Amino acid sequence: MYMEKFSLSGKVAVITGAGRGIGLAAAEALAEAGALVVITDRDPALAEGAVATLAARGCRAEAETLDVTDVAAVERVAEAIAARHGRVDVLVNNAGIAISNHPAETMADDVWLRVIDVNLNGVFWCCRAFGRRMLEAGGGAIVNVGSMSGFIVNRPQEQANYNASKAGVHHLTRSLAAEWGGRGVRVNSVAPTYIDTEMNAYVYQDAEMYRHWVGGTPMNRLGRTDEVASVILFLASDAASLMTGSIVLADGGYVCW
Ligand code: NDP
């Protein structure tokens, strides 16, 4: 009975920014659980490459090009996927960027706006477009990829733009959970620590930064993409049927200190 709750057999799952990193790992996890996964990314080559990676492992996936900041494109892609499959059961809002090492007092307008646009506006556009269809269908699960940066202020890098965007994602998650909880649509977030992806590759060139990141983590290491993907799978599945509005930390203990 319990393992069956993790099955996504027969379900359609859409993931944003899934061409690589945490999104790709989430695509693998949901596909392995039986979902047909629609991999969306703004770079079509990245999305197609991810589909090929999954196909090589025997998983069903499709690619769609989607820049989450393009609200018209979000509506168009949501409509196309719903028309093609007749349903969207799971949405993972994973697309996100970080533009760090910009002190607030000198942060350029576009450095603030770009991060808020992808990380917060993009999540809302997708929740609205796909969530509306889930509400019409009477159910669905949305998992937003937040961050421990929505709880703490990272150091030593200054990134007020990123931290504020992720705190926004967490409270957007709770707001939508409250609005949609009685209508069958669950909305939760995962809040990871530093994960070993391209987003963080620069830390390997900066010994001081690495020392802060790993030294500030009780588990004394960065996280792996699969360790976030398994939390996403849990939240997307019926194993989390009583959960909505939760922000689940997967942080190696970072916020303990
Ligand atoms: P990556 O940079 O490895 O991957 C992000 C993916 O999102 C890329 O494929 C990227 O495409 C895509 N993307 C960027 N902007 C857009 C957009 N406007 N529309 C659609 N896709 C877009 O990042 P991670 O895998 O590390 O991060 C994934 C999520 O996890 C993000 O939301 C991030 O904030 C969050 N997170 C990451 C942590 C980490 O330590 N890595 C920690 C906590 C949270 P392109 O190549 O074109 O830019």
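Just one residue in the set Val190, Val143, Val153, Val169 is more than 13 Å from the ligand (Cβ to nearest atom) and either out of contact with any His (no Cβ under 9 Å at 6 or more places or on another chain) or polar (S, T, N, Q) (or both); that residue is Val153.
For Leu233, state whether it is within 16 Å of the ligand (Cβ to nearest atom) and among the aliphatic types (A, V, I, L, M). Yes; evaluated as a whole, the condition is true for this residue. Assuming Ala191 fulfils every condition listed in (1) touching a Lys or Arg at 6+ places or on another chain (Cβ under 8 Å); (2) of a type in the set (A, V, I, L, M); (3) touching a residue at least 60 places away in the same chain (Cβ under 8 Å); (4) assigned to a helix (DSSP H, G or I) apart from one, which condition is it? Only one criterion in (1) touching a Lys or Arg at 6+ places or on another chain (Cβ under 8 Å); (2) of a type in the set (A, V, I, L, M); (3) touching a residue at least 60 places away in the same chain (Cβ under 8 Å); (4) assigned to a helix (DSSP H, G or I) is unmet by Ala191, namely (4). If you go through the stretch 210-225 and pick out every residue that is within 12 Å of the ligand (Cβ to nearest atom) and not hydrophobic (A, V, I, L, M, F, W, C), you end up with 4. Out of Asn188, Asn161, one residue alone is closer than 21 Å to Asp110 by Cα and buried (at least 18 other Cβ atoms within 10 Å of the Cβ). It is Asn161. Of the helices (runs of 4 or more DSSP H) lying entirely inside the stretch 1-120, those carrying at least 1 residues that are within 12 Å of the ligand (Cβ to nearest atom) and loosely packed, with under 14 Cβ neighbours inside 10 Å are 44-56. With respect to Ala177, determine if the residue is away from the ligand (no atom under 16 Å from the Cβ), touching a strand residue (DSSP E or B) at 6+ places or on another chain (Cβ under 6 Å) and in a helix (DSSP H, G or I). Answer is yes for this residue. Evaluate the stretch 196-206: report whether one residue or more is open to solvent by 30 Å² or more (accessible area, probe 1.4 Å), away from the ligand (no atom under 12 Å from the Cβ), under 21 Å from Val14 (Cβ atoms) and of a type outside the set (Val, Ile, Thr). No, the stretch 196-206 contains no residue that is open to solvent by 30 Å² or more (accessible area, probe 1.4 Å), away from the ligand (no atom under 12 Å from the Cβ), under 21 Å from Val14 (Cβ atoms) and of a type outside the set (Val, Ile, Thr). Cβ separations smaller than 7 Å between residues 6+ apart or across chains give the following pairs from the stretch 205-225 residues that are closer than 11 Å to Thr193 by Cα to residues that are hydroxyl-bearing (Ser, Thr, Tyr): Trp213/Tyr194; Gly216/Tyr254; Thr217/Thr193; Thr217/Tyr254; Leu222/Tyr194; Gly223/Thr193; Gly223/Tyr194; Thr225/Thr197. Residues considered: Ala191, Ala250, Ala167. Of these, the only one that is touching a strand residue (DSSP E or B) at 6+ places or on another chain (Cβ under 8 Å) and under 16 Å from Val123 (Cα atoms) is Ala191.
The values are calculated or read from the model by the stated rules, or taken from the named source; none is laboratory data. Every value quoted in this text rests on a predicted model; they were computed, and no experiment measured them. Positions of Cβ are generated from backbone atoms using ideal geometry, with glycine treated the same way; all protein chains shown enter the neighbour counts. Ligands, DNA and RNA are stripped out before the accessible areas are found, and what is left, the full protein with its side chains, is counted by its heavy atoms. Shrake-Rupley method; radii C 1.70, N 1.55, O 1.52, S 1.80 Å.
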